[in-house]
1. Where does the chain land on the Kirkwood hydrodynamic radius, alpha-carbon pairs, in angstrom?
2. Using Cα pairs closer than 8 Å and at least 6 residues apart in sequence, work out the relative contact order for the chain, in percent.
3. Could you work out the helix-only [θ] at 222 nm for the chain, with each DSSP H run of four or more residues adding -39,500 (n - 2.57) and the total divided by the number of residues, to the nearest 500 deg cm²/dmol?
4. How long is the gain from residue 15 to residue 79 if the chain were fully straight, where each residue apart is worth 0.36 nm and the alpha carbon distance is subtracted?
5. Full-extension gain between residue 8 and residue 38, please, as 0.36 nm times their residue separation minus the C-alpha to C-alpha distance.
């Protein structure tokens, strides 16, 4: 399902960013899904998280009811990650 990123918001962690998207990514549940690796996302069969881990520099992914938080690797830059995240989320089918 394609998502539209309505905004990127900072978090207390400078290496994490909140991606507010529509439709809500939480699959109708308030349950939090959090992954520290691609392997974890693959074991959970979470297509959204798997796709985000496909972006170079993504280190962690957390999916909540109405937004996604992405944590970047220390050497990754938001200037490159934000457009890649937006493009990837918009292209999910």
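1. With all distinct Cα pairs of the chain included, I get 12.9 Å.
2. On the way: 168 pairs, mean separation 31.9, N = 93.
The normalised contact order for the chain reaches 34 percent.
3. -8000 deg cm²/dmol
4. Details: separation 64, 0.36 × 64 = 23.04 nm, distance 1.23 nm.
So the chain would gain 21.8 nm between residue 15 and residue 79.
5. Details: separation 30, 0.36 × 30 = 10.80 nm, distance 2.23 nm.
Taking residue 8 through residue 38 to full extension adds about 8.6 nm, to one decimal.
Coordinate-derived values only; no laboratory data. Model, not experiment: these values are computed from the prediction.
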